[in-house]
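Inspection log for the structure reproduced underneath, given as C-alpha cells.
The values are calculated or read from the model by the stated rules, or taken from the named source; none is laboratory data. It should be emphasised that the depicted structure is a prediction, and the values quoted were computed from it without experimental measurement. Virtual Cβ from ideal backbone geometry, glycine too; neighbours counted across all protein chains shown. Keep in mind that these areas ignore ligands, DNA and RNA; they rest on the heavy atoms of the full protein, side chains included. Shrake-Rupley method; radii C 1.70, N 1.55, O 1.52, S 1.80 Å.
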Amino acid sequence: QVQLVESGGGLVQPGGSMRLSCAASGLNSGSYAMAWYRQAPGKQRELVAVIMSGGTITYADSMKSRFTISRDNGKNTVYLQMDSLRSEDTAVYYCNAQKTVGCYWGKGTLVTVSL
C-alpha cells in the first residue's frame, strides 16, 4: 500500500523558514516524479515544485527564489525548504508522487504564516 506522509507544517512568522518532509512507503520515490502542491483557503490547488526521477527541478515562478525541493532516495523522502515566508504562503501543502503506473497524494500538512 502506497503512503505519502507529510510533516513539518505549523505556524511560522512572516520572513521565517520551514522545512516540510514527505516520507514515502510502498513505492520507490526515486523512480517517481515527486512534487509539492499547495491549496490556500478558497483557492485551487497549485504546483509548488517538482523534482523528476532524473533530478530535473521545476518551480512555480512565484516560489522559485524562496523554496527549494530536494530528495533523499535512501530515506525515500522528499523535502521542501521554504524561506522568506509570506502570509500568502499560508496553505495546506500536499506531497505528490507520479509516473505512468500511478499518481499518489498525501493528506497534506498545514502551513500558517502569521504574526
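Before I look further, what does the chain give for accessible area per residue, probe 1.4 Å, in whole square angstrom?
52
Rounded, prolate or oblate: which fits the chain when a ≥ b ≥ c are the square roots of the eigenvalues of the alpha-carbon gyration tensor, with rounded for a/c under 1.5 and prolate only if a/b beats b/c? Display every interim value, and only then the final one.
Values: a/c = 1.80, a/b = 1.66, b/c = 1.08.
In terms of gyration-tensor shape, prolate.
Can you put M18, M52, M34 in order of accessible area, largest first, using a 1.4 Å probe? Before the final figure, lay out each step's value.
Details: M18 25, M52 85, M34 0 Å².
Largest accessible area first, the list is M52, M18, M34.
When the chain is fully extended, how far beyond the present Cα-Cα distance does K107 get from Q1, taking 0.36 nm per residue of separation? All intermediate terms of the calculation are to be shown ahead of the outcome.
Numbers: separation 106, 0.36 × 106 = 38.16 nm, distance 1.47 nm.
Full extension from K107 to Q1 adds 36.7 nm.
For the chain, with only Lys/Arg (+1) and Asp/Glu (-1) charged at the beta-carbon, what is the dipole magnitude about the Cα centre, in debye rounded to 20? It would help to have the intermediate numbers written out before the result.
Numbers: 11 positive and 7 negative charges, 24 e Å.
Charge dipole, the chain, about its Cα centre: 120 debye, nearest 20.
Taking V92, V78, V48 as the candidate residues, the one with maximal mean-square fluctuation in a Gaussian network model of the chain, Cα springs under 10 Å, is V92. Here the label points at L11 and K99, each 7 Å from Cα along the C-beta direction, are separated by 4.1 nm in the simple model.
I need to check one value: relative contact order of the chain, counting alpha carbon pairs closer than 8 Å and at least 6 residues apart, in percent.
On the way: 278 pairs, mean separation 42.2, N = 115.
RCO, the chain: 37 percent.
By how many nm would the segment from N73 to A23 grow when fully extended, if each residue of separation counts as 0.36 nm and the alpha-carbon distance is taken off? Walk me through the intermediate numbers first.
Values: separation 50, 0.36 × 50 = 18.00 nm, distance 1.03 nm.
Extra length available between N73 and A23 comes to 17.0 nm.
Take the solvent-accessible surface of the protein heavy atoms, probe 1.4 Å, and return the percent of it on the chain that carbon and sulfur atoms account for. It is 48 percent, rounded to a whole number.
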